Every structure is written in C-alpha cells, then in structure tokens.
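Encoded as structure tokens, the structure appears first; notes follow it.
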Amino acid sequence: PAGAREGAAAGAGGGEPVPEQAQAEELTAEQQEKVANDAEEEIAWRVNAPLLYDLFIDCTMDWPALAIDWLPDEDDQPCRLAIGLHTDGSAPHEVIIAQLECDSEETMEVLDPWHSWHMLGIGDMEGFGCTVDAATGAAAPLRPLARLMHPTEVNRVAPCPNRAQLLATKAATGAVLLFDYLADRPAGTISPDATLLPREGKAVDGFALDWGVTPGSGRVLASGGNDGRLCLWEAERASGGGTPTAPFMEVASAHVGALCSLAWARAVSSPLAESLATVGDDGFLRLWDRRANTAATLHARVSADEVLAVAWNHHQGHLLAVAGKDKDVCVWDARTLKEPLHRLKGHDSDVVAVKWAPFRDGLLASCSGDQRLNLWDLTIEESAEDTLENGTPELLFSHAGHGGGVSDFAWSGTDDYLMCSVSEDNGLHIWQPSSEVYMPEDKHAGEETDPPPKRPRTDGAA
C-alpha cells in the first residue's frame, strides 16, 4: 500500500490531548496550531493504520515502561511478555508478566476495523487484526499473569533464553536482580530470588544487561553501569536468602564514562561465540572474551558521540550494529572494525536500542526519542529512485504509532515480524506490519516460506 515504507505520520496517541475550552483560550496561536495538527495527524494515522499493519494493539498503561521483552517460547504456552514499569513512587515499581490472548483476524471490517477492550491491571486497549474469544474467559488481548514488585524503576528486563520463567532486571541502584516469576513469594513485598552486586566499589545506575548462554558454559549474566564498570556472574552460583552474589569477572573501567549497552554474540558456531560487545559514552566498541579474563580482545572508536546500543547478528556471527547520540545505525564487521559496512540514516533523535531479527539475516530494527521504530533491510538493492525518494534505501518500515519517545522494543521469537514496543507516554504496542511490506510482489501463490504463527487465526467476519 501507498506509504508502507514509511509507516504512518503520527502516533496512535496523536501527541498532546486537546485541552478543555478554558485552557484552549490561554494557548498561543502557535500552540493552537500544534494541537490542531496533532489532531489531524491522529485521524490520518487511524485511517491509514489498517492498511499498514496486519495486527495492531495499543495499550495505555497507568505508568510508562522503560523495558520490554518477549519470554522465550515454550510448548503449549501462549506468547508472553515481561514489562518493566517506572512510576513516580506513589505506586510500586513492578515487572508485569502478561500473556497474549487473542486470535488473528483473517478478515477485518472495512468501515471500522478498530476494537476496544479494558483489562484491570494493564489498562485500556484498542486495536485491529485480532479477536478475543469471551467464551474462553478472555476479556482483552493481553492479560497479566504475575506482578513482581521492584525496588526502583526497571531499567532493563532480560528473560533467560533457556529458562523462560527466570528473569533478570537492572535496578536504578545498579543491582541486578533475579526473579523466578512462577515461584511463590510474600504478597506486597520486594523479594527477588537473588541479588547480584559488584565485588569492589559501589553499584551505580545503568542500563546494560544481557544473558550469555553457550553449550557447556551455563548461564552467564553481564551488566554495566554509568561508572564504566563491567561485571559477569554465573547464574547457577547466585545466592538466595538476601546475600549478594559477587561476579566472577569484574573490570572497574571497561569504558571511560558510562558503559551504556552490551550484548553477547548470538551465532553459536561463530569463532566469536564467546564474545561480549560493550559500548559507552567514550564512543568505543570493545570486545571481551570471558576466557581472556579482564583484557579487551579488540576495541575501536565507532562514533565521535556517545554510543547507547549494540547488538550482534544472529546469523552472521561477525556482524555488529551500534547506535547512539549521532542518530545513525552503523553495521560493523568485528573482524576488522575499520569502517562501517552500512550507515543507516532515518532517525531525528538519539537511538536508544538496536536489535537484529532472529528469523532472518540482514533485518534489524532501531528505536529513538523521535517516536519512531524503524525496520531496516540490508538486502534491499539500492536504486537511484530509492535514494532520491527515501534517503536511505534500507528503510523497510517505520512504525510511527507511538505518541512519545520509544524506550525499548523486542522481536518475537515465535511469530515472524511480530513486535512489541513501549514509549514515554505510557504506550505499549504489539504490532505486525502488513505482509505486503516485506513479502516480494513476485512471491508464488501459496508458497509457504515462514513457519505458521503460534496465535490461531479466525475469520473476523464470523
């Protein structure tokens, strides 16, 4: 459909709400024009969205979330999410585990495809492309399964890749907390199953957190803080009972300034399979091997500004993506680190997260304070027309449904192109772009190239 490459022009939230009449009289002409433009953009977005998405669910939560991720897939279990909330202190900070309870519509109502729901403990929802079967007891597409009280805002949440019920979180105190969300715990109390702290010095605020799971190596957690410190823990050795667990590896000054993000290599068969990548305020990318103790095996300056995000390719184990305050997403070859292989331009603010698609090589996504979540396809062949019209030919799709800066997102490991994302305006989106965006026009009719979705499909006209 027209405009599919760039998504919609404005968020589902439509920017600022229209003030009451008394307030409107006090607005300047410039502010009144902005309110009017926001309202027009919201209307245009709602009209165009059903053409751009196969599935869209917008949940307005009571509080914004800084972090979100899909839980690993388990047989006979629906899709589940871990959502890390940030309140103002008048309500508890929490990690919410929620379950997706909807079927995909094969046919949408042409005149009014939008539905609305409410789920206690989650918020108001609206969307299209899905149905909820009341006969099963479902009241909305998303239902909370568990709520874990947290000592501070949840900077990061990371489900364990090979044990779905085990979550790691990053607190604003700098502590890394472990939760088994299926375990019984006292109601109304902050009671993590384990607390991980540095061996030396004081833990400080930070956002860097990732699991490393390789055959024979167990579960290793890596974390970094705003003081540049890097710590690695073996999850199996984490102590319960309130006794903090010290790391088996600790580097006090892995970066000059904040260590902003880190990621374990994803391709198990790669020579870099044991590698950990870190980036920071100093503009450097550093590679570490847990077997080489505390010395970085490779480093390079990848930006003149602060680097806020890093991610490894799942299929080509030598490829890395980095992004940050220079607003570009750059793809590097870790074997050389001389020049970026790709420089993707399409954001107007700091890029705070970048992640590769697990199901397809050459596909990655990034989110930014500009309210956009961009999907990039490195396999798109550049043409003069693409470059002239879009600036960056690799831009496959731009999700512009959020009404605030996008804080975090995740690719589903269950359904291809199924995404979740959260934003500063309390928004939680679950969405899937129209297949017309990513399926070649010459695809043979009936050709099955992707695994069937886990969510059942129903006829929306029924």
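Nearest 10 degrees is fine. How inclined is helix 29-52 to the longest principal axis of the chain, computing both from alpha carbons? Value to nearest ten degrees: 90. A Förster radius of 45 Å, combined with the Cβ-Cβ distance separating Ile43 from Leu298, puts the computed FRET efficiency at roughly 0.30. Largest accessible area first, the listed residues Lys34, Lys170 line up as Lys34, Lys170 when surface is computed with a 1.4 Å probe on the assembled protein chains. As a quick test, which of the pairs Lys34/Lys325; Lys325/Lys355; Lys170/Lys325; Lys327/Lys355 have an alpha carbon distance above 19 angstrom in this structure? Checking Cα-Cα distances, Lys34/Lys325; Lys170/Lys325 exceed 19 Å. Applying a 4.7 Å Cβ-Cβ cutoff to the chain leaves Cys59, Cys79, Cys160, Cys231, Cys260, Cys330, Cys367, Cys420 as cysteine residues with no disulfide-compatible partner. Would you work out if segment 71-126 is rounded, prolate or oblate? Take a ≥ b ≥ c from the square roots of the eigenvalues of the alpha-carbon gyration tensor; rounded if a/c is under 1.5, else prolate when a/b is larger than b/c, oblate otherwise. In terms of gyration-tensor shape, oblate. By definition, a body whose alpha carbon gyration tensor gives a ≥ b ≥ c is oblate when a/c is 1.5 or more and a/b is not larger than b/c, and segment 152-284 fits this oblate description. Rolling a 1.4 Å probe over the heavy atoms of the protein chains gives the chain an accessible area of 44 Å² per residue. Tell me, what % of the accessible area of the chain is carbon and sulfur with a 1.4 angstrom probe? The C+S portion of the solvent-accessible surface of the chain is 49 percent. Just check segment 250-375 against the gyration tensor rule for me: Cα atoms, a ≥ b ≥ c as the square roots of the eigenvalues, rounded for a/c under 1.5, and otherwise prolate or oblate depending on whether a/b exceeds b/c. The shape class here is oblate. Of the GluC sites (Glu not before Pro) found in segment 56-153, those that fall in a DSSP loop while having at most 15 other beta-carbon atoms within 10 Å are Glu74, Glu106, Glu109. Subtracting the Cα-Cα distance of Arg199 and Thr107 from 0.36 nm times their residue separation leaves 27.4 nm of extension gain.
Taking amide H as placed 1.01 Å from N in the peptide plane, the amide H of Ala172 sits under 5 Å from that of Thr152, Glu153, Asn155, each at least 5 places away or on another chain. Taken over segment 57-437, the convex hull of the Cα atoms encloses 147 Å³ per residue.
Residues whose amide H lies under 5 Å from that of Cys260, counting only those 5 or more places away or on a different chain, are Val279, Gly280, Asp281; hydrogens are built 1.01 Å from N in the peptide plane.
For segment 390-416, the residues whose backbone nitrogen is under 19 Å from a point 7 Å from the Cα of Lys34, taken along Cα to Cβ, are 402-406. Between Ala135 and Ser253, the modelled label-to-label distance comes to 6.8 nm, taking each label 7 Å out from Cα in the direction of the beta carbon.
The values are calculated or read from the model by the stated rules, or taken from the named source; none is laboratory data. These numbers were taken from a predicted model, which means no experiment stands behind them. Neighbour counts run over all protein chains shown; Cβ positions are idealised from the backbone, glycine included. All accessible areas refer to the heavy atoms of the entire protein, side chains included, with ligands and DNA or RNA removed. Shrake-Rupley method; radii C 1.70, N 1.55, O 1.52, S 1.80 Å.
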